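All remarks here apply to the structure that follows.
The values are calculated or read from the model by the stated rules, or taken from the named source; none is laboratory data. Owing to the predicted nature of the structure, the values given are computational and were not obtained by experimental measurement. Note that we place each Cβ from the backbone using ideal geometry, even for glycine, and neighbour counts take in every protein chain shown. Surface accessibility is based on the protein's heavy atoms, side chains included, excluding ligands, DNA and RNA. Shrake-Rupley method; radii C 1.70, N 1.55, O 1.52, S 1.80 Å.
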Amino acid sequence: MKEVFRLIDSLIKLRDNIGEYISQESIDVGDGGAEVDCGEGVNVELIDEGIHDQQGLAGADSQSTILRLENADVHVVTGALLGGVNALIPGLDGVKWLGIRLRFKPSNALLKDLEGLLDGIAYFKSELLERTFDGSYNEEAIREEIRTNVELRLASAFRGSGVLMMDGPIFSTPKVLWMKDNPYSDLYRMLAGRRVSAYDGLNIIGVVKRLSQSTYYSKCLGLNVDDATLVKNEVIKAWGSKASVKARFGPIKIIAAGYSKHCWYVAVKLGKDVNVVRVEALSPGLAERGAELVANSMTISGVPLPIHAADKMARRLNAGAVRLLAASPLGLTYEGLEELGRALKELGEAA
């Protein structure tokens with residue numbers, strides 16, 4: 001993690017600098033607004049619970065943390081690809097996985113200094129919007145841009161004829177995409193384009209676990225309820241007496257930002273618990289195949305095993321980076337101390 005030590009040295013420049021405070025711009029990153037194509041209707045299908053070949057399966061995940069320091073916030077985005085070819089970030093050459101967001105409006109002189117110090121180490125401005133990460137820049141937009149670049153590098157390292165399970169959607173469809181007067185609408189549209197271009201022709205599926213704002217299946221049925229609740233209720237209604245059930249609901253086509261993706265909802269019931277995820281891919285055939293692979297690799301926690309393993313590694317890498325960054329000359333805010341405590345807990349050290 002040589003980048004961490006170089007970044008710590010660079011932060012000395014910020015210790016005696018402060019500028020005019022500016023408030024953060026807001027965006028709505030909640031899911032919604034996408035067009036839904038339900039075809040001739042959504043099918044509900046049981047998935048064979050027999051033993052399936054899991055050869056060639058790989059998992060990839062990223063972990064994002066914001067370590068809040070005096071005068072600045074450090075974005076830490078680590079990642080792991082496990083299965084077949086393994087790849088870690090940090091670890092892959094030429095991948096920037098750190099970002100600096102100043103809490104104030106910086107002077108031109110400070111920006112020039114930062115450009116020389118941070119070039120090749122960390123992001124301090126958007127590559128797509130050409131804007132400095134100052135106090136006004138939305139931190140969720142920073143997180144999404146760095147995370148996209150990290151995950152695309154992991155995807156580019158994937159080899160073989162198997163299937164790569166990526167944690168999260170193939171591309172995001174936040175409400176900000178449809179807000180024409182919002183400065184981040186173009187950013188999320190360009191990030192979606194980058195993902196589609198990188199994944200095209202590869203056996204990559206996205207697995208979405210957080211469905212509290214997802215209503216794509218609900219729209220197909222003319223209802224207004226989140227998809228996780230809807231699918232769980234249908235599973236209980238149809239197979240509540242069975243101890244073990246694996247089922248998929250779909251296919252559904254989602255269209256946003258000029259791009260489209262195909263998905264199935266996968267439900268795995270074990271005893272009274274029902275876990276639901278959405279499985280996405282750029283092609284309908286891969287999405288259908290992915291739904292079966294996810295159902296048959298689901299852990300008791302509701303996460304497919306390949307992603308579960310990658311998630312654990314990405315979290316450990318992130319915690320290690322946060323622990324090192326805690327030596328920053330700027331010092332930690334109270335929120336920064338809390339984040340350090342979580343990192344130490346992840347590493348099995350006393351907080």
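Worth pointing out:
- Only residues that are part of a strand (DSSP E or B), in contact with a strand residue (DSSP E or B) (Cβ under 9 Å, 6 or more places away or on another chain) and open to solvent by 20 Å² or more (accessible area, probe 1.4 Å) were counted in segment 269-287, giving 2.
- If the condition is being modelled with pLDDT of 70 or more and either of a type outside the set (Gly, Ala, Ser) or over 24 Å from the mean Cα position of the chain (by Cα) (or both), then segment 50-67 contributes 57, 61, 63, 65, 66, 67.
- Of the residues screened, residue 254 is one that is touching a residue at least 24 places away in the same chain (Cβ under 8 Å) and open to solvent by less than 40 Å² (accessible area, probe 1.4 Å).
- Residue under evaluation residue 81, criteria (1) hydrophobic (A, V, I, L, M, F, W, C); (2) in contact with an Asp or Glu (Cβ under 8 Å, 6 or more places away or on another chain); (3) open to solvent by less than 20 Å² (accessible area, probe 1.4 Å), criterion not met: (2)
- Residues satisfying the stated conditions in segment 313-344, i.e. under 28 Å from residue 207 (Cα atoms) and without any contact (Cβ under 8 Å) to a residue 24 or more places away in the chain: 342
- Top-ranked residue in segment 68-116 [being of a type in the set (Lys, Arg) and either outside any strand (DSSP E or B) or in contact with a Lys or Arg (Cβ under 7 Å, 6 or more places away or on another chain) (or both); ranked as modelled with the highest pLDDT]: 96
- Per the conditions (1) touching a Gly at 6+ places or on another chain (Cβ under 7 Å); (2) modelled with pLDDT under 95; (3) among the aliphatic types (A, V, I, L, M), the sole criterion not satisfied by residue 179 is (1).
Residue-by-condition table, conditions (1) farther than 21 Å from residue 1 by Cβ; (2) surrounded by fewer than 24 Cβ atoms within 10 Å (Cβ to Cβ):
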position: 97; (1), (2): no, no
position: 108; (1), (2): yes, yes
position: 114; (1), (2): no, yes
position: 120; (1), (2): no, yes
position: 123; (1), (2): no, yes
position: 131; (1), (2): yes, yes
position: 149; (1), (2): no, yes
position: 154; (1), (2): no, no
position: 160; (1), (2): yes, yes
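- In segment 170-186, the residues that are within 22 Å of residue 155 (Cα to Cα) and open to solvent by less than 60 Å² (accessible area, probe 1.4 Å) reach residues that are part of a loop (DSSP other than H, G, I, E, B) and at pLDDT 95 or above with C-beta atoms within less than 7 angstrom, at least six apart or across chains, in these pairs: 170/282.
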